[in-house]
Amino acid sequence: MADQSYRDVGGTSGGLGDFLLGFVMACIGAYLLTNQVSVVGSYWSFYGGSTFGLTLLPMLFGIFLLFRSGRSPVGWILTVAGAVFILAGVIANMHIYFQPTSLFNTIVMLVLLVGGLGLIARGVREH
């Protein structure tokens, strides 16, 4: 352990240069790829158009109980369960779209991402 240097990435005698170049490439590729993605959310409906208010009621009642008494176990359960239910509803109804881009840009993004991951793997492998 005492004879290791900063060039020994991941405890092996791999190359720090390969690792850093791969890390930069992977970060740029991941940024460019995720920059082309649109996330659109909505909320589900039970018996009609919008039922967000219906799912909000248990959490609001739980908050009421917590303001009345901060140690109310029913208040905590209703507040946490209501918040989890709302968060689950938003996440379950997300739509993820890849925005139109040219084939060249897509190839550049994927080569940067996958090539960078390959250089990271080579950098931590013992030479």
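The values are calculated or read from the model by the stated rules, or taken from the named source; none is laboratory data. The structure presented is a predicted model; accordingly, all values stated were derived computationally and were not measured. Cβ atoms come from the backbone with ideal geometry, glycine included; neighbour counts cover every protein chain shown. The area values use the complete protein model at the heavy-atom level, side chains included, leaving out ligands, DNA and RNA. Shrake-Rupley method; radii C 1.70, N 1.55, O 1.52, S 1.80 Å.
Residues of region 90-108 include at least one that is without any contact (Cβ under 8 Å) to a residue 12 or more places away in the chain, in a helix (DSSP H, G or I), under 30 Å from residue 20 (Cβ atoms) and open to solvent by 100 Å² or more (accessible area, probe 1.4 Å).
In region 68-116, which residue that is polar (S, T, N, Q) and more than 24 Å from residue 29 (Cα to Cα) is farthest from the chain's Cα centre (by Cα)? Give the steps one after another, and end with the answer.
Taking region 68-116 as the starting set, the residues that turn out to be polar (S, T, N, Q) are 69, 72, 79, 93, 99, 101-102, 105-106.
Of the ones still in play, those that are also more than 24 Å from residue 29 (Cα to Cα) are 69, 72, 79, 93.
Details: 69: 36, 72: 33, 79: 25, 93: 16 Å.
The extreme case among them is 69.
Hey, could you check region 17-44 for residues that are open to solvent by 60 Å² or more (accessible area, probe 1.4 Å) and modelled with pLDDT under 90 and say which is farthest from residue 107 (Cα to Cα)? Step through it out loud before you land on a result.
Going residue by residue through region 17-44, those that are open to solvent by 60 Å² or more (accessible area, probe 1.4 Å) are 20-21, 23-24, 27-28, 31-32, 34-35, 39-40.
Next, from what is left, pick out any that are modelled with pLDDT under 90: 39-40.
Numbers: 39: 22, 40: 25 Å.
Selected residue: 40.
If the condition is being in contact with a helix residue (DSSP H, G or I) (Cβ under 8 Å, 6 or more places away or on another chain) and aromatic (Phe, Trp, Tyr), then region 84-113 contributes only 85.
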